[in-house]
Amino acid sequence: MRKLVSVCTLLSVGLCFFLFAPSGAVAKSVTLSYSTFFPSTHIQAKTAEAWCEEVEKRTDGRVKIQFYPGQTLTKADQTYGSLKDGICDIGTSCLAYTPGRFPVMSAVDLPFGYPSAIAATEVANTLYTQLKPEEFSGTKVMYFNAHGPGYIHTRKEPVQSLETLKGMKIRSTGMSADVIKALGGSPVTMAMPDSYQSLQKGVVDGSIHPVETNKGWNIGEVVDYMTETDATGYTTTFFVVMNKDRWNALDAKDQKIIEEINEEWAMRHAEAWDSSDEEGMAFFKDQGGEVVSLTEEENASWNEAVAPVIEEYKENLNQKGFDGEQVIETIEKALKEYEK
């Protein structure tokens, strides 16, 4: 009889533990991989790694993330494909490294004259939230972020006019290549990890990039001039996405926690971009760099030359079966809302 009572007692205790134990106690733990092309010393890599740490913290260790910076797991232009194939679980890269793959979201990169990274990031996430383009349907989107306005940087000759820029070989990516072409320069498509040596060796005459790059990638060491104008105010949009199967395998509680973190981290990246722009400018000047300003008349000529880039992109979207007007209007409206 005593044995029967003991067994019943044990069963009762076990059942109570199962029924009333915290949900975290029975949730499965998982370790995910996160790939980025940013070197570990770059502010964007540090911000991404902080996201990984925050996920582990708020999920009480149920979701751990192994961080792989500097293309140690996947190359910048292969990240999205590798992620869909399961080579990495989470990845970040920029739309510009795979031209044509993300036609709707890449419209954000057009030269709308973005005043800051926060503005560009707000626009990118608004466009995705409102239109939900099919181009990302194969993955789970965490969030987007985008850098501040890009400017032309040159090695030996300052660019003060369209005539000066004509024929110059300028390192660029994605939409910035279209901007350079519209201004009369000769765009040379090149990912940022390859840019330092190309500038140093004179393979290209200059580069179009955000100010932060001067310090973040040490480009300020190999350029001498920066032409500051709103006409080249494009951005580069970066995605943070996750393999859909790996996402679906997570506990619903942890999915909710991660989505809450995502809402915070998009703007953390944007703030990091803007603060690093200030550091990039200081670094550029410390290396002896000179900021070039255009005359009012010349600046107007640059804006006039760049304007067709947006119109042509809209028409290309229409020809591919998208609603180009809706895409451009959504971006312009989001930017105006931010400026208010």
Please identify the helices of the chain, taking whole runs of DSSP H, that span at least 18 Å along their own axis as judged from the Cα atoms and have a mean Kyte-Doolittle score of 1.6 or higher. 2-20
Straight-line reach from Lys28: which aspartates and glutamates have a Cα under 16 Å away, not including same-chain ones fewer than 8 places off? Glu56, Asp60, Asp245, Asp251, Asp254
Distance between region 179-200 and region 114-174 - C-alpha centres, whole angstrom: 14 Å
What number comes out for accessible area per residue over region 161-270 if the probe is 1.4 Å? Units Å², please. 38 Å²
What number, in percent, do you get for the relative contact order of region 154-306 if the mean sequence gap of Cα pairs under 8 Å and at least 6 apart is divided by its residue count? 32 percent
Could you report region 294-340's accessible area per residue, 1.4 Å probe, as an integer in Å²? 67 Å²
With a 1.4 angstrom probe the carbon and sulfur portion of accessible area for region 190-280, in percent, totals 40 percent
Give a quick list of trypsin sites (Lys or Arg not before Pro) in region 88-185 that DSSP marks as loop, anything other than H, G, I, E or B, with at most 11 other Cβ atoms within 10 Å. Lys156
Where the accessible area of region 62-175 is counted over protein heavy atoms with a 1.4 Å probe, how much of it, in %, is carbon and sulfur? 44 percent
Residues meeting the amide H criterion for Ala146 (H placed from the backbone, H to H distance under 5 Å, 5 or more places apart or on another chain) are Thr121, Phe238
Only helices counted: for the chain, with every DSSP H run of 4 or more residues adding -39500 (n - 2.57) and the sum spread over all residues, [θ] at 222 nm is -15000 deg cm²/dmol
By a straight-distance test (C-alpha under 16 Å), which lysines pair with Lys285 as possible cross-link partners, with residues fewer than eight away in the same chain excluded? Lys156, Lys215
May I ask you to list the aspartates and glutamates whose Cα is less than 18 Å away from that of Lys340, ignoring any residue fewer than eight positions away on the same chain? Glu122, Glu329, Glu332
Mean separation of Cα contacts under 8 Å (6+ apart) over length of the chain, as relative contact order %: 22 percent
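Among the listed pairs Lys46/Lys314; Lys46/Lys244; Lys46/Lys256, give every one whose C-alpha distance is greater than 27 Å.
Working: Lys46/Lys314 36 Å; Lys46/Lys244 25 Å; Lys46/Lys256 23 Å.
Cα-Cα > 27 Å for Lys46/Lys314; rest within.
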Using 7 Å Cα-to-Cβ label points, what is the Lys336/Lys244 separation (nm, one decimal)? 3.5 nm
For Rg/Rh (Cα atoms, Kirkwood Rh), the listed values are (1) 0.96; (2) 1.06; (3) 1.10; which was obtained by calculation from the structure presented? (3)
Length gained if Glu296 through Gln326 is fully extended, taking 0.36 nm per residue and subtracting the Cα-Cα distance, is 7.6 nm
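The values are calculated or read from the model by the stated rules, or taken from the named source; none is laboratory data. Keep in mind that what you see is a predicted model, and the values were worked out from it rather than measured. Counting neighbours? That spans all protein chains shown, and the Cβs are built from the backbone with ideal geometry, glycine included. When the accessible area is computed, the model is the full protein with side chains, heavy atoms only, and any ligands, DNA or RNA have been set aside. Shrake-Rupley method; radii C 1.70, N 1.55, O 1.52, S 1.80 Å.
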